[in-house]
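Only one structure is covered here, and it is reproduced in the block below.
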Amino acid sequence: MTDFAPDARPQPPIAQRVADQTQIHGTTLTDDYAWLRDAHWRDAMMDPSRLDGEIRAYLDAENAYTEAMMADTTTLQAELVAEMRARMAEVDASVPTPDGPHVYYVRFREGGQHPIFCRAPRAADGSAEPGQPLTDEQILLDGDAEAEGREYFSLGAVDHSPDHAKLAFALDERGSEAYTIHVRDIATGDEIQPPIGNATGNVQWSADANTLFFTTLDDNHRPCRVWRLALGAAPSEAVLVYEEPDAGFFVSIGETQSGDYLLIQAHDHATSETRFIPAASAHAEPRLIAARVPGREYSVDDDNGTHFVILTNAGDAEDFKLMRAPIAAPDYAHWEEIVAHVPGRLILDHVELAHYRVRMERADALPRIVITAKQTGTEHAIAFDDEAYSLGMSVGYEYDTATLRFLYSAPHTPDETFDYDMARGTRELRKQRQVPSGFDPAAYIVRRLTAETADGEAVPITLTYHRDTPLDGSAPCLLHGYGAYGISEAAAFSSSRFSLIDRGFIHAIAHVRGGKERGYRWYADGKLDKKPNTFADYIRVAEHLCEAGFTGPGRIAAFGGSAGGMLVGAVINQRPELFGAAIADVPFVDVLNTMMDDTLPLTPPEWPEWGNPRDDEAAFATIASYCPYQNVAAQDYPAILVIAGVSDPRVTYWEPAKWTAKLRATKTDANPLLLKTHMAAGHGGLPGRFAALEEMGLIFAFLLKALEKTQA
């Protein structure tokens, strides 16, 4: 494998420049690459073969250039993919989850790309070898068989009916996140419902399993309507249950843990509103719980059919609290507090079971599970010892249970699935993720550091590296970041990243503002007019890692996807000398233009996150100050790999394409700039558990080549 020496390279494609000007807030914006946005982009998103020919030719040329530039890494990519695949248990299965007379689980066959959804009699739970079919298994949906002959295949919800006789599933065949809902008779395998198109990925059943509830997309690809349909009827006979009038709100349909109530939630990134329908009264009109108030969020579960328990930030509860209200009168006037707000202790989620209340919290940047016995009011937390770890709940189907399933991992600890007896306070390990090629946690070090910022904050950093990696500033470092929507970066196990760690890389996660690692305040300090804090935090983390001797300037690879890709774009504009490489996966880099266009799928719902630069001059100025596309400069940049998807409804393909074109025309260095566009996939990239490894192999090979670290 050779480096990216300029004299050994093919010539990159050069996008034509066609000036497109916009006047706004007294400013003239000139966009030389606006032509890369197909005038009929919605058609292309739903059917990539309809993409404008000139645009397709440019994207194809970029793909060919990327392939040529990476041609000498073909062997290395194959080695990386083989390593990553060897760490995966090809024959694998989830821990069976009980529901009535059955247990339900998902498994994979050897060589299989897609999940197989199965069930077995309840008595069969645990009777088979790991990954093998249970006794008297019944296959409900074979993902590999369903994917046969389809260019793209991704499943949304897969839900069996309350009577265990039917299976509903949502299928995306384009990557556009526009799903088709199918329903099959489990006993015969026959389709018993005409397919329902233009739907989102979720579906709910009425209690008698004779009615379906689902949501559909409008012309701007936004979920805004909830429908009900008698099972077996033509989709045209569906009855509109709820329509959201505000283009800034998305609508979803769910249910309480008991299954007694269906929940219709309208929400943006700062405000929510919920309606409910008794699942046993499918034709009842939805009832409002509490009217939306800007900036107020709430979510609900039901407590034994008499009360709703409400997780909310109402009343200045920045880090949320739990309230309780009668189902007969659930409006704000009847809310009473049951778990108080504690600043710095963020309540992330809660679940009501018949005899227990379970809540997920985060304190000191780490998660924990707290269980309350309803009869006595006593509570206890499930404790963990690692310095950094990831924790999740998998509550299952049943309501009257004393068993809580939770998932635990750490950067050097493969995923563990536990069943926790809430009455006895004991845990049983049901499954530990297998790493067939072998894995020794003792060979790796995990550390939690903090980087002090200029404004007095402490940004958490999670580090993972091999014990033999020298800490003298010479090690390359992959620095991952996101910092948006309140999403916290989990300190979880990822087997793929060890292909870099074993080659001497330090893996770092910068838990920057914009997530909720340090409570809701951490999120609020990284959005709207405070969004620049996200980028400053990430840069400070990079500096701190250099100062502490873990790595050095030019040895860091910036890595982020979607809003994290925007982070990557912003920081390489601001401090390019810190980074030797950058990976921007489906990057949201044209923030200013996108947030001024209310016809795009996500724009109005995201104004509470980024601001509305079309109507607010201050928001315009803030976004313009950091928008990666607007701030491309005539300066040296690191080696950059950009990934996009034509079917992507979240970050439309032209954002990374325009950014790449502008970078290539403007930057002053000879470092490689590569754009890989999936011509028939969307935001999630390639579907299938092995296909995804191919892309990771490309990314890792690019990093190893760019940072000249090819051997352990």
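The values are calculated or read from the model by the stated rules, or taken from the named source; none is laboratory data. The structure displayed is predicted, hence computed values, not measured ones. Note: ideal-geometry Cβ built from the backbone for every residue, glycine included; neighbour counts use all protein chains shown.
Figures for the structure shown
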{"quantity": "Region 522-535, subset of a type in the set (A, V, I, L, M, F, W, C) and crowded, with 24+ Cβ neighbours inside 10 Å, residue nearest to Phe320 (Cα to Cα)", "calculated": "Trp522"}
{"quantity": "Every residue from region 441-460 that is surrounded by 23 or more Cβ atoms within 10 Å (Cβ to Cβ) and under 25 Å from the mean Cα position of the chain (by Cα)", "calculated": "Val459, Pro460"}
{"quantity": "Ala282 being of a type in the set (A, V, I, L, M, F, W, C), touching a helix residue (DSSP H, G or I) at 6+ places or on another chain (Cβ under 6 Å), in a loop (DSSP other than H, G, I, E, B) and in contact (Cβ under 8 Å) with a residue 40 or more places away in the chain", "calculated": "no"}
{"quantity": "Single match in Ser252, Ser258 (criterion: under 21 Å from Leu229 (Cβ atoms) and either under 23 Å from the mean Cα position of the chain (by Cα) or in a loop (DSSP other than H, G, I, E, B) (or both))", "calculated": "Ser252"}
{"quantity": "Residue under evaluation Ile556, criteria (1) surrounded by fewer than 23 Cβ atoms within 10 Å (Cβ to Cβ); (2) at negative phi, criterion not met", "calculated": "(1)"}
{"quantity": "In region 165-178, the residues that are part of a loop (DSSP other than H, G, I, E, B) and closer than 18 Å to Val226 by Cβ", "calculated": "Glu177, Ala178"}
{"quantity": "Condition met for Ala93 (under 30 Å from Phe620 (Cβ atoms) and buried (at least 18 other Cβ atoms within 10 Å of the Cβ))", "calculated": "no"}
{"quantity": "Unique match (being in contact (Cβ under 8 Å) with a residue 40 or more places away in the chain and touching an Asp or Glu at 6+ places or on another chain (Cβ under 9 Å)) among Asp502, Asp529", "calculated": "Asp502"}
{"quantity": "Yes/no for Pro162 being modelled with pLDDT of 95 or more and assigned to a loop (DSSP other than H, G, I, E, B)", "calculated": "yes"}
{"quantity": "Criterion (buried (at least 24 other Cβ atoms within 10 Å of the Cβ) and not aliphatic (A, V, I, L, M)) met by exactly one of Gly565, Gly561", "calculated": "Gly565"}
{"quantity": "Residue count for region 581-595, restricted to those that are at negative phi and either hydrophobic (A, V, I, L, M, F, W, C) or without any contact (Cβ under 8 Å) to a residue 60 or more places away in the chain (or both)", "calculated": "9"}
{"quantity": "Single match in Thr312, Thr256, Thr306 (criterion: among the β-branched types (Val, Ile, Thr) and in contact (Cβ under 8 Å) with a residue 60 or more places away in the chain)", "calculated": "Thr256"}
{"quantity": "Flag for Val370 being under 28 Å from the mean Cα position of the chain (by Cα), crowded, with 18+ Cβ neighbours inside 10 Å, at pLDDT 95 or above and not in a loop (DSSP other than H, G, I, E, B)", "calculated": "no"}
{"quantity": "Test: Asp190 is more than 30 Å from Val309 (Cβ to Cβ), surrounded by fewer than 20 Cβ atoms within 10 Å (Cβ to Cβ) and modelled with pLDDT of 95 or more", "calculated": "yes"}
{"quantity": "Lone unmet requirement of (1) farther than 25 Å from Met679 by Cα; (2) free of Cβ contacts under 8 Å to residues at least 24 places away in the same chain for Asp142", "calculated": "(2)"}
{"quantity": "Residue in region 100-109 that is over 29 Å from the mean Cα position of the chain (by Cα) and in a helix (DSSP H, G or I) present", "calculated": "no"}
{"quantity": "Residue, nearest to Leu707 (Cα to Cα), within region 467-502, restricted to residues that are surrounded by 19 or more Cβ atoms within 10 Å (Cβ to Cβ) and more than 20 Å from the chain's Cα centre (by Cα)", "calculated": "Pro476"}
{"quantity": "Region 322-347: number of residues that are surrounded by 13 or more Cβ atoms within 10 Å (Cβ to Cβ) and closer than 18 Å to Leu366 by Cα", "calculated": "6"}
{"quantity": "Residues satisfying the stated conditions in region 272-293, i.e. acidic (Asp, Glu) and crowded, with 20+ Cβ neighbours inside 10 Å", "calculated": "Glu273"}
{"quantity": "Filter result for the condition that a residue is of a type in the set (Val, Ile, Thr) and either assigned to a loop (DSSP other than H, G, I, E, B) or farther than 28 Å from Ala692 by Cα (or both), over Ile181, Ile196", "calculated": "Ile196"}
{"quantity": "Matching residues in region 349-362 - criterion: being surrounded by fewer than 18 Cβ atoms within 10 Å (Cβ to Cβ) and over 17 Å from Asp260 (Cα atoms)", "calculated": "Asp349"}
{"quantity": "Ser299 being hydroxyl-bearing (Ser, Thr, Tyr), closer than 24 Å to Ala266 by Cα and in a loop (DSSP other than H, G, I, E, B)", "calculated": "no"}
{"quantity": "Filter result for Asp219 (under 23 Å from the mean Cα position of the chain (by Cα), farther than 19 Å from Gly156 by Cβ and charged (D, E, K, R))", "calculated": "no"}
{"quantity": "Where Arg296 falls short, out of the listed (1) of a type outside the set (A, V, I, L, M); (2) surrounded by fewer than 19 Cβ atoms within 10 Å (Cβ to Cβ); (3) on the phi > 0 side of the Ramachandran plot", "calculated": "(3)"}
{"quantity": "Selection status of Ala230, without any contact (Cβ under 8 Å) to a residue 24 or more places away in the chain, under 30 Å from Pro101 (Cβ atoms) and among the hydrophobic types (A, V, I, L, M, F, W, C)", "calculated": "yes"}
{"quantity": "All positions within region 398-418 that are in contact with a Ser or Thr (Cβ under 6 Å, 6 or more places away or on another chain) and in contact (Cβ under 8 Å) with a residue 40 or more places away in the chain", "calculated": "Tyr399, Arg405, Ser409, Pro411, Asp415"}
